[in-house]
Amino acid sequence: MDRRKFLWSAGTGIVSAGLLGRSLAAEGSRSAADIAAATDTIERQDSGVTGPLREFRLVAQQGEAEVAPGKVYQTWLYNGQFPGPEIRVKEGEQLRIIVENQLPEETTVHWHGVPVPNAMDGVPGLTQKPIAPGESFVYKFEATPAGSYIYHSHVGLQIDRGLIGPLVIEEATPHVTYDRDYALVLDDYLPGDPQPLGGMGGRRGMMGRTMGDGCNDGWWGGNRQGGGMMGGWMDMERQMPPYQGLLIGGRLPDDPQVFETKRGERVRLRLINPSGATTVRAAIGGHRMMVTHCDGRPVEPVTVDSLVLGAAERYDVIVEATNPGVWPIVIAAIEGNAPPGRAVLRYTDAAASALRDGVPEGFRGGRQLYYQDLQGLETLPAGRPDRVFDLMLRGGMMGSAWTINGQAYPAADPLMINKGERIRFRMSNHSMMLHPMHLHGHFFRVGNALKDTVLVGAHMGRAEFDFVADNPGRWFFHCHNIYHMEAGMAREVRYA
Ligand code: C2O
Ligand code: CU
C-alpha cells in the first residue's frame, strides 16, 4: 500500500483574502460550500487574536501500518498514515478540522493540551456525542497558544490502535532561535487489538466478566509466560500490555526515522509521547539537550542529558549540532518491558556515515530533567487556592479498578468548582504504577512551570498543581495510561 497516499487538504483554497481576519465571526457570510459540513454552532475563544482559517480533513479508517521493512500490521489510522499526519499551523489561525469516521466503531478526536472551548474537546459522553461510523464532526477552535500538542482519539483504547498524531502550533516570536524544527512522535508498539484491563470498574469491556475469562484470553502475558493472572497480579510488568517495542515516527529501531542537520545548526526537536501506557527516558548520543518548552509552554532554557516523558507529556529541546556524525536518539521504557526505540540524527556533512552505536550519555548518568528544573516564562503567580482537592490514586490489586478516592469513573462524583476560583489538586499515588495525570481545557502550575500532564511517581509518589477556573464546561481529568483511564481512574471537573 502507499504510505504516502493522503487525503490531506492543508488549508489550500480556504485561506483567501475574503476569509482573512475575523474568520469565525464572519462565518455567516461565507459561501454555502464552505460551510456545508459545519453542522454545529461556532464557538469562539476570547483571545482577541484572529487569524486566517485553516481547514483540514482527518479520516479515521482501517489500514496497514509498516513499522519496519516488511513488518506490516492491520490497524486504525488517520488518513492512511501512522502516526497521523502532522498538523502544523501558526498561532492565531482558526482551525476547522473535519473528522470523518470510516471505522467500524464510534470515535472522537481530542486536541490534547489546547484549551479549546468545551464543545470542541472531543470527550465522548461529556462534551459531545461520539461520531458514529459513517458520520463526521467538524472541530473548530483557535490555534492558541503556540506549542507542541497531540491529537488523539478519546474513545476507549483507540490510542493503542494507532489513532494519534502531532499538532504543532508555531509561535510568532519564539524565545529561542533554531534552524530546523522536527516533531518526533514516540509510541509504544502494540500490533494486536488492545484489550481492557481485568478490573471490575471498567467503563466497557471487562465489566461483568469474571477473572476466569481474563485468564483465558491470555492477553496480559499470564498464560503466555506461564504464570497465569492470579500469580501475576503483583508483577508490575504484567499490568502492561504486551508491547513489542517502542517507535519513533512509527518506526522500529531497525529502520529508524532520520532527522538531518549540518554542523553549526541548532535543531529544535519536539518530543511528544502519545503512548498508550509507556513512560520513557529519552537521550541523544553525542549531544546534550537544551529544554525550551514543557507541554508546549516556554521555559527558561535548561540543558540536560536525559529526560522522562510520561504518556502525553511533551518537551521541546534544542540540540546544537557541534559533533558531526550519525547519532542515535534513544527512548527506553521506564515502566513495562517494551524494548527501546530509536531514531537517528544525521549530519549531512559528516565524513562517516555509520551510526554511532552504544548507549547515549543520558543513560549512563549525566543530568536528568526534573520538574523542579522548569522555570516557566509564563506562569500562574504563586497564591493561595480557593479550593483544594486531595486525590488518592489507587488500584492494580487483584480484580480491582483504578480509582480516585475510591471511586471508578463513571460511577464517580464530579469535582464541582466555581468559575474564577483557583483550584489545587494534591495527588498521592497508593499504587505500584506511574500515573500521568491530565486535566483537559486548562494549563496548570507544577513547581514554577505550566503543564497539562504531570507524572505522579509510583509507591507513594506525590504531585500537586494549581489552575484557575477560566474555561467553563465539563472537563475530563484522568490518568493518561489509557488502561487505567478505562478502568476508572478519571473524574469530571465541572463548572459553569
Ligand atoms: Cu490526551 Cu483526555 O487526553
Ligand atoms: Cu495511571
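Please give the charge dipole size of segment 244-373, origin at the Cα centre, charges +1 on K and R Cβ atoms and -1 on D and E Cβ atoms. Round to the nearest 20 debye. List each step's numbers first, then the result.
Values: 15 positive and 15 negative charges, 30 e Å.
So the magnitude is around 140 debye.
Decide, for segment 244-373, between rounded, prolate and oblate: order the square roots of the alpha carbon gyration tensor eigenvalues as a ≥ b ≥ c, take rounded if a/c falls under 1.5, and otherwise choose prolate if a/b is larger than b/c, else oblate. Intermediate values should be presented prior to the final figure.
Working: a/c = 1.68, a/b = 1.15, b/c = 1.46.
It comes out oblate by the Cα gyration axes.
At 7 Å along the Cα-to-beta-carbon direction for both residue 462 and residue 71, put a label point, then send me their distance in nm to one decimal.
4.3
Going by average Cβ density within 10 Å per residue, which order do the peptides 70-77, 175-182 take, highest to lowest? List each step's numbers first, then the result.
Working: 70-77: 16.4, 175-182: 14.9.
With the highest mean Cβ count within 10 Å placed first, the list reads 70-77, 175-182.
Once you charge only the Cβ atoms, +1 for Lys and Arg and -1 for Asp and Glu, what is the size of the charge dipole of segment 387-495 about its Cα centre, to the nearest 20 debye? Write out the running numbers ahead of the final one.
Values: 12 positive and 9 negative charges, 38 e Å.
With Lys and Arg at +1 and Asp and Glu at -1, about 180 debye.
When the convex hull of the C-alpha atoms of segment 387-495 is computed, what volume per residue in Å³ does it have? Numbers along the way, then the final one.
Working: hull volume 9.2 nm³, N = 109.
Residue-normalised Cα hull volume stands at 84 Å³.
What part of the accessible area of segment 244-373, given as a whole %, is carbon or sulfur when the probe is 1.4 angstrom? Let's see the in-between values first.
On the way: 1990 of 4350 Å².
Ligands and nucleic acids excluded, carbon and sulfur reach 46 percent.
Find the centroid of the Cα atoms in segment 82-118 and in segment 424-496, then give the distance between the two in whole Å.
22
Segment 54-74 to segment 247-318: how many Å between their Cα centroids?
23
The values are calculated or read from the model by the stated rules, or taken from the named source; none is laboratory data. Predicted model, so just to flag it, every value in this text is computed and none were measured. Glycine gets a Cβ as well: all are built from the backbone with ideal geometry, and neighbour counts include every protein chain shown. Just the protein is used for accessible areas: all its heavy atoms, side chains included, with ligands, DNA and RNA removed. Shrake-Rupley method; radii C 1.70, N 1.55, O 1.52, S 1.80 Å.
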